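S.K.: Dropping a structure here in C-alpha cells format, bear with me for questions.
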Amino acid sequence: LRDGGPLGLAGVALLLMAAGTGARPRPAAPGDQPRSNVVLVACDSLDGRLTFLPGNQTVDLPSINFMKRRGTVFLNAYTNSPICCPSRAAMWSGLFTHITESWNNFKGLDPNYVTWMDLMEKHGYHTQKFGKLDFTSGHHSVSNRVEAWTRDVNFLLRQEGRPMVKLTGHRKQFRVMEKDWRNTDKAVNWIKEEAVNFTQPFILYLGLNLPHPYPSPYAGENFGSSTFLTSPYWLEKVNYEAIKIPKWSSLSEMHPVDYYSSYTKNCTGEFTKEEVRNIRAFYYAMCAETDAMLGEIISALRDTGLLGKTIVIFTADHGELAMEHRQFYKMSMYEGSSHVPLLVMGPGLREQQQIPNVVSLVDIYPTMLDIARIPVPQNLSGYSLIPLLREKAESEASPRGARPSWVLSEFHGCNVNSSVYMLRTGKWKYITYSDGSSVLPQLFDLTADPDELTNLAIKFPVTVHFLDKILRSIVNYPKVSSSVHEYNKQQFISWKQSLGQNYSSVIANLRWHQDWLKDPKKYENAIDKWL
C-alpha cells in the first residue's frame, strides 16, 4: 500500500448473522455464525466527497478504493457538528449535540459516559483504542474556548494564522505525521500479536489526526493550526490538473455569518489562484497519507486471516473547506466541512454498493450494538446502518421503524457568531441561525448547485417554511440557541473571575493577540457591554 499498489485477496468472507436490534446477546448456537470483529478508523478533517466521483479524481486513495470494491460507500454521510469534540461526542454517544450539550471543543461528554465500546466490552468483546479520541470535556486550548464563549461580542478579530503550505522531507519520505504513524504501528502490532489469538470477538478503534492542518508557530503566541504540510512523496499522488479552484462571492456579497467566519479564519485577504491550488493540493496529499494508514490496518487484518471475519468502518469527524467559500478548517455547514467519508466492508455486507440515503455519525452507536447483537436503546438519535448495508427492510430490523429521510447537524463553537442548524433531506440543504429570524437562512439545491453558490431561501419561501417546520419538530432551536448564549456568558464570567488581576494580560495574548493589542481597551469595553 505504501507504494500505492492494490491489496491482495482477502480471506473468504464469513456470513454475518446479525440479530434484530431488539434481540438479546447470545452465544453462538450450532449453525450460528460468531459475532464479527469490528475495526473503526476515524480520521480528522477528511472531506467525504473525495470518496466518490468526481472528487476522487483529485488524489490516489487506494485503501478507500479497496473498501469501495469490497464493501459500501455512503454518498451522503454527515457530521452532526462540524468541529472535533462535539462531532466525536455525537459519534460515541449516538445522541445529537443539543441533547448532550456538547457545545464546543471544551464542552463534550463526561469522562465516565457509557459509550458503545463500553457496552461491547460488557457483552464479551475485547476492546482496544489507539490515537485521537477527543469526545470528553475539558480539552483544547484556552483560546479555543474563549473564542467560542465570546462569539456574540460585537467585535471582529482574526483568530488564526493565514492558511499556508509547507513542503518537508524528500521523495521517499512517506511517514510525515509521525504521531499518527506510531499509533497505526501500535494498532497493527495489536492485531498481529494479540487480536489474532482471541477466541472472542474484538473491537479496535484507531483515531488519526490527519488530514487536520498542522500548528502554525509563525503566527506568534497561542498559534492555531493553519499549515498544510506534506512531503513530495504524497504530493506526487495528487492530480494537479483535476484540482478545482472554488468560486468566491465578493466580501460584500457574503452571508454575514460566512463573512465573520472568513475574517476570524484570516481568509479575507488576497489569495492568488496558485496559493489556493497549492493549499488544496497539499490537503489532498495529507489525505493520501491518511489513506495509507488505513491501508496498514487492512493489510494487518489480511495477513492474519482476520479480514474475512472483521467489519471495517472508515470515517471522519468532519471535513475541510480547503479554501472553498473563502475559508479553511471546518465550523461550517457547507459540503466541504459537513460531508464526511463513511465506508464499511465485512462479512455478510454487500460489495461494490453505493448508498444515497442521508446518514450521520450518530448512526455509529446503534450500528456497533447491532453488530454485537446488543439491544439498541430506543432514545438514541441515530439508527443502525446494518439494514442499509444488508438491504434489509428497516421495519423488520428495528422496532423504531424506518430511519428518517433527513439528517441534522448543528454548530455552537468558535469562528461562527451564531448557533447554526442544518437539515439535509432529498436535494435540499436548509441552514438556519440563532432564533430563526434575526439572521437570513440559507437554502441550497445540491442537485443543481453542488458548490452551494446560490442561496434560494428568498426565492422558495414555501420550501423554507416546510423544512423549518421539520427542523423545529426535531429540535426547538431558538431555545437551544438561547441556552448556548447563556452558557457562553456564564463560562466567560467564571473564567474571567478566576484570572483576577491577570485578566487583561491573558485575554490580550490569546490567538487574536495581533489584532487585540492594537486597541486593547476597545475590545475589553466590547466584552463589558456584552456582559
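S.K.: Hey, can you grab everything whose amide H is under 5 Å from the amide H of Phe328? Only 5+ residues off in sequence or another chain; H modelled, so Pro and N-termini drop out.
M.R.: Sorted by chain and number, the residues that satisfy this are Met323.
S.K.: Right, here's the next one. Show the residues, 5+ positions off or on another chain, whose built amide H is closer than 5 Å to the amide H of Val38.
M.R.: Phe202, Ile203, Leu204, Ile311
S.K.: Once amide H atoms are built 1.01 Å from N in the peptide plane, which residues 5 or more positions from Lys129, or in another chain, come under 5 Å H to H?
M.R.: Tyr205
S.K.: Could you derive backbone 3J(HN,Hα) for segment 329-336 from the dihedral phi with the Karplus parameters 6.51, -1.76 and 1.60 (θ = phi - 60°), listing whole Hz in sequence and x where the residue is Gly or Pro?
M.R.: For segment 329-336, the Karplus-derived couplings read 6, 10, 6, 9, 8, 4, 3, x Hz, x marking Gly and Pro.
S.K.: Sticking with this one: Compute the acute angle (0 to 90°) between the alpha-carbon long axis of helix 520-530 and the principal axis of greatest extent of the alpha-carbon atoms of the chain; round to the nearest 10°.
M.R.: 70
S.K.: Still on this structure: Is there a quick way to get the dipole size of the chain? I mean about its Cα centre, with the Cβ of Lys and Arg at +1 and of Asp and Glu at -1; what is the value in debye to the nearest 20?
M.R.: I would put it at about 400 debye.
S.K.: Kirkwood Rh over alpha-carbon pairs of segment 199-335, then Stokes-Einstein at 25 °C and 0.890 mPa s: what D in µm² s⁻¹, rounded to an integer?
M.R.: Estimated via Stokes-Einstein, D reaches 142 µm²/s.
S.K.: Jot down the per residue volume, in cubic angstrom and as a whole number, of the convex hull over the alpha-carbon atoms of the chain.
M.R.: It comes to 144 Å³ per residue, whole-number rounded.
S.K.: Computed over the Cα atoms, what is the radius of gyration of segment 82-217 divided by 2.2 N^0.38 Å, N being its residue count?
M.R.: Values: Rg = 18.6 Å, N = 136, 2.2 N^0.38 = 14.2 Å.
After normalising by residue count via 2.2 N^0.38 Å, the value is 1.31.
S.K.: With Kirkwood's inverse mean 1/r over C-alpha pairs for Rh, give me the Rg to Rh ratio of segment 312-384, two decimals please.
M.R.: Rg divided by Rh gives 1.05.
S.K.: Mind ranking His98, His339 by accessible surface for me, highest first, 1.4 Å probe?
M.R.: Of His98, His339, the descending order of accessible area is His98, His339.
S.K.: Take the Cα atoms of segment 41-85, find their three principal axes, and give me the spread along each one in whole Å, biggest first.
M.R.: Extents along the principal axes: 31, 21, 17 Å.
S.K.: Got the relative contact order for segment 232-293 handy, in percent, Cα pairs under 8 Å and 6 or more residues apart?
M.R.: RCO, segment 232-293: 64 percent.
S.K.: Rolling a 1.4 Å sphere over the protein heavy atoms, what is the accessible area per residue of the chain, to the nearest Å²? Display every interim value, and only then the final one.
M.R.: Values: 20580 Å² over 531 residues.
The answer is 39 Å² per residue.
S.K.: Hey, what angle do you get for helix 461-474 against the long axis of the chain, alpha-carbon based, 0 to 90 degrees rounded to 10?
M.R.: 60
S.K.: Something else about it: Considering the dipole of the chain built from charges on the beta carbon (Lys and Arg +1, Asp and Glu -1) around the Cα centre, which of Phe198, Ala508, Ser418 is farthest to its positive end?
M.R.: Phe198
S.K.: Compute the relative contact order of segment 428-531 as a whole-number percentage, counting only Cα pairs closer than 8 Å that sit 6 or more residues apart in sequence. Mind showing how you got there, number by number?
M.R.: Working: 63 pairs, mean separation 19.0, N = 104.
Rounded, it is 18 percent for segment 428-531.
S.K.: Also, quick follow-up: In the neighborhood of Leu443, defined by Cβ-to-Cβ distances under 12 Å, what is the net charge if each Lys or Arg adds +1 and each Asp or Glu adds -1?
M.R.: Its environment carries a net charge of 0.
S.K.: If you look at just the Cα atoms of segment 475-524, how large are its Rg and its Dmax in Å?
M.R.: 14.2, 41
S.K.: On to the next question. Counting only C-alpha contacts under 8 Å and six or more residues apart, can you give the relative contact order of the chain as a whole percent?
M.R.: Computed over the chain, the figure is 26 percent.
S.K.: Can you list the HN-Hα couplings for segment 140-152, worked out from phi with the Karplus curve (6.51, -1.76, 1.60; θ = phi - 60°), rounded to whole Hz and with x for Gly and Pro?
M.R.: Result, rounded to whole Hz: 6, 6, 4, 3, 4, 6, 5, 4, 5, 5, 9, 5, 7.
S.K.: Counting Lys and Arg as +1 and Asp and Glu as -1, each charge on the Cβ, what is the dipole of segment 394-531 about the Cα centre in debye, to the nearest 20?
M.R.: Around 280 debye, computed over segment 394-531.
S.K.: Once the convex hull of the alpha carbons of segment 351-449 is built, what does its volume come to per residue, in cubic angstrom?
M.R.: On the way: hull volume 14.8 nm³, N = 99.
Cα-based convex hull of segment 351-449, divided per residue, equals 149 Å³.
S.K.: Provide the packing ranking of 244-250, 384-390, 509-515, 411-417, i.e. peptides ordered by the mean count of other C-beta atoms within 10 Å per residue, highest first.
M.R.: 411-417, 384-390, 509-515, 244-250
S.K.: To continue, here is another question. If you restrict to DSSP beta bridges whose two residues both lie in the chain, what percentage is antiparallel, to the nearest 5?
M.R.: 50
S.K.: Same structure, new question: Apply the Karplus curve 6.51 cos²θ - 1.76 cosθ + 1.60, θ = phi - 60°, to the phi angles in segment 160-177 and return the couplings in whole Hz, x for Gly and Pro.
M.R.: 9, x, 4, x, 8, 10, 8, 9, 10, x, 9, 5, 9, 8, 9, 8, 8, 8
S.K.: Pairs of lysines 8 or more apart, or on different chains, with alpha carbons under 30 Å: count those in segment 94-206, would you?
M.R.: Taking the Cα cut-off of 30 Å, the pair count is 22.
S.K.: Per residue, how big is the convex hull of segment 424-488 when only Cα atoms are used? Give it in Å³.
M.R.: Details: hull volume 6.1 nm³, N = 65.
Dividing the Cα hull volume of segment 424-488 by its residue count gives 94 Å³.
S.K.: Add -39500 (n - 2.57) for each DSSP H run of 4 or more in the chain, then divide by its residues: what number comes out at 222 nm, to the nearest 500 deg cm²/dmol?
M.R.: Mean residue ellipticity at 222 nm (helix-derived): -9500 deg cm²/dmol.
S.K.: Turning to a different aspect of this structure: Over all alpha-carbon pairs of segment 378-520, lay out the pair-distance distribution in 5 Å bins, whole %, shortest bin first.
M.R.: 2, 8, 13, 14, 13, 12, 12, 10, 7, 5, 3, 2, 0
S.K.: Let me check the size of segment 243-316 from its C-alpha atoms; what are the radius of gyration and Dmax in Å?
M.R.: Using the Cα atoms of segment 243-316, the pair Rg, Dmax is 19.7, 59 Å.
S.K.: Another question, if that's okay. Which links in Lys68/Lys265; Lys459/Lys479; Lys429/Lys521 stretch past 30 Å when you go from one Cα to the other?
M.R.: Lys68/Lys265; Lys429/Lys521
The values are calculated or read from the model by the stated rules, or taken from the named source; none is laboratory data. Bear in mind that the values here come from a model prediction, so they are computed numbers and not experimental data. Here Cβ is always computed from backbone atoms with ideal geometry, including for glycine, and neighbour counts include all displayed protein chains. We work out accessible area using only protein heavy atoms, side chains counted, and drop any ligands, DNA or RNA first. Shrake-Rupley method; radii C 1.70, N 1.55, O 1.52, S 1.80 Å.
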